[in-house]
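Okay, structure first, notes after.
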Amino acid sequence: MEVTVKMKILITGTAGFIGYHLAKKLLERGDEVIGLDNINDYYDVNLKYARLNELGIEKEEIQENKLTTSTKYQNHKFIKANLEDQEAINTLFKTEKFDAVCNLAAQAGVRYSIENPHAYIQSNVVGFMNILEACRNFGVKNLAYASSSSVYGLNKEQPFKTTDKTDTPISLYAATKKSNELMAHTYSHLYGIQTTGLRFFTVYGPWGRPDMAPMLFADAILNDRAINVFNHGDMSRDFTYIDDIVDGVIKVIDAQIDNSQLYKLYNIGNNSPVQLLDFIKILEKAIGKEAEKNFMDMQDGDVASTYADVSGLISDFGYKPDTSLENGIGKFVSWYKSFYRVKND
């Protein structure tokens, strides 16, 4: 029999892909969730507002730095705010008194960090600092936060293990995520806060990000445009379905605080890399249409392969990603056609 765990949880980034799914799952099991997002225009804000609408947060009701109550979940409220706004973050923590925090908000994207580096420092470093300080000052002892597989940078040996050195990031995005891990370690050591960093590997599924390969490829294929295949297809990714990711994140949030090991790092992925061209074949089959491919050189800041060793999550939490790529891509394509009103041939 499943036990209902009721906590008051702050999730930052609930207009985002992972944050939306996590909030929905926690709300459905009875937790109280406060969602936070600045709804920036890094990608289509209409998709972000649509995710929030699924959580009962209506666009017309959203106001800067004010809580909006969900029309769908009585245990959900949302606030539009920036992580780098220290006053707004402190006020929220002081008023709401959270049991746990899951920080998923960040300026995302490896390639965009080359074009707009300052956005990454503000959101990912200054913003994370404000979260850490608020946890310290307002008694939150349980913080989970998003890191990234990109911290492994130029590491050659695979699968990537959390014990590997991560001193060679090749994008500013990766460098900011590595800095988050170092900052979290300091706060665990100094202030007794349990911090759990999750190095996410390539996440996909319904409501995904438009700048990620599944959405870019689906959009191009369905609109008769060529897809860009980098490194001439010689790439692999540890594609992980969103439900498997959320399951792992919730296990971490629910974990009892262990004072003997307050600072923790985990890879969270599928533990099974897929060749990019094989991924494209599965996507083509689900869509029912072959892609025209534009083979290109590797992009700056990108890596040829990612492969997660998730043994830590398996041994500590019984984590078991079990969604096949065929099943996950099928669900993604069904959502995509519905959301973008694509007619089946």
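Just a few scattered comments:
- Just one of the listed residues (Val229, Val252) is in contact with a Phe, Trp or Tyr (Cβ under 8 Å, 6 or more places away or on another chain) and surrounded by fewer than 21 Cβ atoms within 10 Å (Cβ to Cβ), and it is Val229.
- Residue count, the range 168-212 (criterion: in a loop (DSSP other than H, G, I, E, B) and over 30 Å from Asn46 (Cβ atoms)): 5
- Scope the range 75-99; condition within 22 Å of the chain's Cα centre (by Cα) and either charged (D, E, K, R) or not in a helix (DSSP H, G or I) (or both); matching residues: His76, Lys77, Phe78, Ile79, Lys80, Ala81, Asn82, Leu83, Glu84, Asp85, Phe98, Asp99
- Residue tally, condition in a loop (DSSP other than H, G, I, E, B), open to solvent by less than 50 Å² (accessible area, probe 1.4 Å) and out of contact with any Gly (no Cβ under 8 Å at 6 or more places or on another chain), over the range 232-249: 1
- Answer residue from the range 141-150, given it is modelled with pLDDT of 95 or more and closer than 19 Å to Arg199 by Cα and is surrounded by the fewest Cβ atoms within 10 Å (Cβ to Cβ) among those: Asn142
- Scanning the range 1-39 for residues that are in a loop (DSSP other than H, G, I, E, B), touching a residue at least 60 places away in the same chain (Cβ under 8 Å) and within 17 Å of the chain's Cα centre (by Cα) yields Gly13, Thr14, Gly16, Asn38.
- Enumeration of residues in the range 126-140 that are open to solvent by 10 Å² or more (accessible area, probe 1.4 Å), in a helix (DSSP H, G or I) and not acidic (Asp, Glu): Val126, Met129, Asn130, Arg136, Asn137
- Residue check: Lys72 meets all listed conditions (1) assigned to a helix (DSSP H, G or I); (2) loosely packed, with under 15 Cβ neighbours inside 10 Å but one, namely (1).
- Residues of the range 100-118 classified as part of a helix (DSSP H, G or I) and crowded, with 18+ Cβ neighbours inside 10 Å, total: 2
- Residues in the range 185-214 that are among the aliphatic types (A, V, I, L, M) and either in contact with a Leu (Cβ under 7 Å, 6 or more places away or on another chain) or at pLDDT below 95 (or both): Ile193, Val203, Met212, Ala213.
Residues checked against (1) modelled with pLDDT of 95 or more; (2) surrounded by fewer than 17 Cβ atoms within 10 Å (Cβ to Cβ); (3) part of a helix (DSSP H, G or I):
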site: Asp297; (1), (2), (3): no, yes, no
site: Asp300; (1), (2), (3): no, yes, no
site: Val303; (1), (2), (3): no, no, no
site: Gly312; (1), (2), (3): yes, no, yes
site: Lys320; (1), (2), (3): no, yes, no
site: Ile329; (1), (2), (3): yes, no, yes
site: Ser334; (1), (2), (3): yes, yes, yes
site: Arg341; (1), (2), (3): no, yes, no
site: Asp345; (1), (2), (3): no, yes, no
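The values are calculated or read from the model by the stated rules, or taken from the named source; none is laboratory data. Note that the structure is predicted; figures quoted are calculated from it, not measured. FYI the Cβ positions are ideal-geometry reconstructions off the backbone, even for glycines, and counts take in every protein chain you see. We work out accessible area using only protein heavy atoms, side chains counted, and drop any ligands, DNA or RNA first. Shrake-Rupley method; radii C 1.70, N 1.55, O 1.52, S 1.80 Å.
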